[in-house]
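Okay, so here's the structure we're looking at.
Each reported figure results from applying straightforward, stated rules to the coordinates on display, with no laboratory input. Model, not experiment: these values are computed from the prediction. Backbone-built Cβ (ideal geometry, glycine too); neighbour counts: all protein chains shown.
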Amino acid sequence: MANTADSVWNSCLNFIKDNIKPQAFKTWFEPIIPISLKGEALTIQVPSKFFYEWLEEHYIKLLRTTLTKELGIDAKLIYDVKMENSYSNTHSQTVKFPSSNRNPINTQGVTIPIEVDKRQLKNPFIIPGIQKVKIESQLNPNYNFDNFVEGDSNRLARSAGIAVSNKPGGTSFNPLLIYGGVGLGKTHLAHAIGVEIKDKYPEKTVLYISSEKFTQQFIEAVKNNDRNDFIHFYQMIDVLLIDDIQFLSGKSGTQDVFFHIFNHLHQNGKQVVLTSDKAPVDMQDIEQRLLSRFKWGLSAELQSPDFETRVSILEKKIFRDGVEMPKEIIEYIAKNIKSNVRELEGVLVSLIAQASFNKKEFTLALTRQIVDKFVKNSKKEVSIEIIQKVVSKYFDIDVPTLQSTTRKRHVVQARQLAMYFSKRLTKASLASIGSQIGKRDHATVLHACKTVDNLTETDKQFRKFVEELNDKLTSQ
Ligand code: ADP
Ligand code: MG
């Protein structure tokens with residue numbers, strides 16, 4: 001009777017069963033499904049990459065022995081890994097790769113086919129010796145356009161993202177650069193674009209990667225003498241989403257390699273999407289030639305959401321979590337957490353957790369406590385030094401000018417605002433604030449705080465300064 005995948009695998013299992021503990025057998029071998037047998041190559045499906053690694057680490061000798069017994073000296077074992085975390089939708093991605101075990105072949109000698117290795121592209125996602133290069137998109141399907149609430153603060157970026165998803169590489173938004181402060185949805189949007197493209201164009205190779213990981217992979221590639229493989233790998237991508245490119249600042253090697261990858265992709269009509277915490281003009285230590293490439297496409301800013309958008313975001317999340325919350329509580333949160341969607345979510349999560357742990361109702365008192373904690377925590381992070389920098393930048397002066405004795409009106413205002421925010425956002429004493437802001441005494445700081453309070457009430461323009469600075473400082 002001819003061998004089939006099932007019959008071969010069953011014989012292997014019988015042998016394996018006799019050689020390991022029942023629990024281990026149950027855990028590591030029962031879930032395996034034999035898929036196919038082609039000549040001496042048996043393909044088995046394993047539930048995850050972790051599973052595959054575990055088998056390779058702990059059972060490779062056993063597998064080798066039994067396979068050689070069944071299929072002879074040329075036996076090969078191919079794993080078919082059901083990918084975890086991959087954005088799969090209707091298309092389950094599987095990656096086939098030969099067993100990567102590189103130990104010297106022992107007496108039973110299963111030939112583990114590594115010889116293709118040298119001619120293959122190396123995939124920096126550490127899937128060794130890939131046969132068919134299939135790339136896990138690294139996308140998180142929970143970040144999509146459906147749950148990205150539209151508002152004035154994000155309309156341009158969101159619409160550009162949708163346009164790009166409809167025609168990747170085919171719009172003038174290439175690259176699309178999404179920039180804005182922390183927690184405003186840059187990562188969410190980048191994923192949403194990828195997720196949408198995978199839906200519309202399943203055959204396109206999409207890859208999301210953070211600049212940090214990209215940099216690490218590059219360093220690793222250089223170390224292993226694989227720089228060209230690294231470049232080739234990235235040049236095969238149809239839609240490349242790179243998050244937080246400000247991380248590349250000062251890293252000239254990585255910038256250089258990215259420049260080559262970018263040019264290749266762009267010339268071949270592939271889509272590039274970038275995110276950054278700064279506008280291109282404000283990016284420091286990024287090469288000019290890269291900056292000028294970024295400007296080829298569209299730079300779209302994500303701003304802090306306005307009150308209505310904050311309420312909608314909260315409502316959407318509450319609905320998704322299946323809880324009900326009084327409108328006044330939602331509005332209280334939206335009113336007090338202003339600059340950052342991540343914090344908005346943080347408050348909501350804490351509130352739901354607190355209420356359910358302690359079996360409490362959602363009350364305004366509980367909400368207030370949690371909001372206070374969040375606001376205080378973010379206060380803690382700001383230092384007097386940062387306040388002076390932010391305020392100086394806002395008034396277009398430098399810190400020494402702010403600290404100087406100049407009586408020019410805008411400098412005086414800047415100085416007073418720096419003192420006011422230092423009092424409000426740090427735990428420093430009046431005396432300590434005074435000594436750090438141009439060696440003034442505590443009375444000067446107190447006077448500054450009062451003046452700012454008064455002006456905020458009476459002067460509309462001044463109130464705008466305070467609000468905008470407050471947003472900037474609390475979103476740091
Ligand atoms: P960033 O990358 O800009 O720091 P993220 O994309 O990580 O910010 O967003 C922070 C959190 O806020 C995420 O959980 C994201 O889903 C959520 N978020 C941001 N903007 C929106 C929005 N417009 N609608 C819904 N959720 C949002
Ligand atoms: Mg992010």
Practice problem: Order the peptides 192-201, 53-62, 443-452 from the highest to the lowest mean number of other Cβ atoms within 10 Å of their residues. | Solution: 192-201, 443-452, 53-62
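Given the pairs K389/K427; K278/K472; K278/K393; K338/K360; K167/K316, which are separated by over 23 angstrom at their Cα positions?
Beyond 23 Å between Cα atoms: K338/K360; K167/K316.
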Quiz item: Rg and Dmax of region 307-377 over Cα atoms: what are they, in angstrom?
Solution: 10.9, 30
Quiz item: Where does the charge balance sit around Q271 when Lys and Arg score +1, Asp and Glu -1, over other residues with C-beta under 11 Å from its C-beta?
Solution: +2
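Let me know the shape class of region 384-474, please: from the alpha-carbon gyration tensor, a ≥ b ≥ c as square roots of the eigenvalues, rounded when a/c is under 1.5, otherwise prolate if a/b is greater than b/c, or oblate. Numbers along the way, then the final one.
Details: a/c = 1.29, a/b = 1.19, b/c = 1.08.
Because its axes are fairly even, with a/c under 1.5, region 384-474 counts as rounded.
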Quiz item: Y208: net charge of surrounding residues, Cβ under 14 Å, Lys/Arg +1, Asp/Glu -1, itself excluded?
Solution: -2
Practice problem: State the antiparallel share, in %, of DSSP beta bridges confined to the chain, rounding to the nearest 5. | Solution: 30
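Using a 10 Å cut-off around each Cβ, can you sort F357, F233, F214 from fewest to most neighbouring Cβ atoms? Walk me through the intermediate numbers first.
On the way: F357 8, F233 21, F214 26.
Taking fewest neighbouring Cβ atoms as first place, the list is F357, F233, F214.
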Quiz item: Given H placed on each backbone N at 1.01 Å, which residues far from I35 in sequence or on other chains put an amide H within less than 5 Å of it?
Solution: T43, I44, Q45
Practice problem: Pairs of lysines 8 or more apart, or on different chains, with alpha carbons under 19 Å: count those in region 5-81, would you? | Solution: 12
Quiz item: Restricting attention to region 275-372, which trypsin sites (Lys or Arg not before Pro) occupy a DSSP loop and are surrounded by at most 10 other Cβ atoms within 10 Å?
Solution: K359
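Considering only DSSP beta bridges whose two residues both sit in region 5-81, what percent are antiparallel, to the nearest 5?
45
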Self-check item: region 404-451 versus region 174-232: alpha-carbon centroid distance in Å
Solution: 44
Quiz item: Using a simple spin-label model with points 7 Å from Cα along the Cα→Cβ vector, what separation in nm is obtained for D6 and W54?
Solution: 2.6
Exercise. Between beta-carbons, use under 10 Å as the cut-off and find the net charge around F247, counting Lys and Arg +1, Asp and Glu -1.
Key: -2
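Treat the chain as a sphere of radius equal to its Kirkwood radius over Cα pairs and apply Stokes-Einstein at 10 °C in a medium of 1.306 mPa s; give the translational diffusion coefficient in µm²/s, rounded to a whole number. Don't skip to the end; give the middle numbers.
Numbers: Rh = 26.6 Å.
In µm²/s, the coefficient rounds to 60.
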Quiz item: Can you give me the Cα centroid spacing of region 274-305 and region 246-265 in angstrom?
Solution: 13
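Among rounded, prolate and oblate, which fits region 160-237 when a ≥ b ≥ c are the square roots of the eigenvalues of its C-alpha gyration tensor, a/c under 1.5 means rounded, and a/b larger than b/c means prolate? Walk me through the numbers on the way to the answer.
Details: a/c = 2.43, a/b = 1.49, b/c = 1.63.
Oblate, because a/c is 1.5 or more while a/b does not exceed b/c.
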Quiz item: So what are the ³J(HN,Hα) numbers for region 464-471, from phi and the Karplus equation (6.51, -1.76, 1.60; θ = phi - 60°), rounded to whole Hz, Gly and Pro as x?
Solution: 5, 4, 4, 5, 5, 5, 4, 4
